[in-house]
Amino acid sequence: MAKARTDAHDSSRDRLLSAAKTLFAGQGYEQTSTSAITAEAGTSESQLVRAFRGKLGLLEALIDANWGPL
């Protein structure tokens, strides 16, 4: 059961990162809302908060995933 939850969490996390990357590139960070990110990712805002603690944490994870920790 824990494995299934971990896989679902990883999948949601990956979808949130992908959605944020697309939306930040198209609209910019400031103009992109968390509700737009979660709608694009097909997740909930609570999943975004659990995975990243908010929009800034999502941006930091996106930077880390693409360029490594700064």
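The values are calculated or read from the model by the stated rules, or taken from the named source; none is laboratory data. Values in this document were obtained by computation on a predicted structure and should not be read as measured data. So basically every Cβ, Gly included, is an ideal-geometry build from the backbone, and we count neighbours across all protein chains shown.
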Notebook entry, point to check: Within the bounds of region 45-63, is there any residue that is at pLDDT 95 or above, over 11 Å from the mean Cα position of the chain (by Cα) and not in a helix (DSSP H, G or I)?
Noted result: no
Margin query: Under 8 Å between Cβ atoms, which residue pairs at least 6 apart in sequence (or on different chains) link something in region 21-47 that is within 12 Å of Leu58 (Cα to Cα) with a partner that is part of a loop (DSSP other than H, G, I, E, B) and of a type outside the set (Ser, Thr, Tyr)?
Written below: Thr34/Gly54
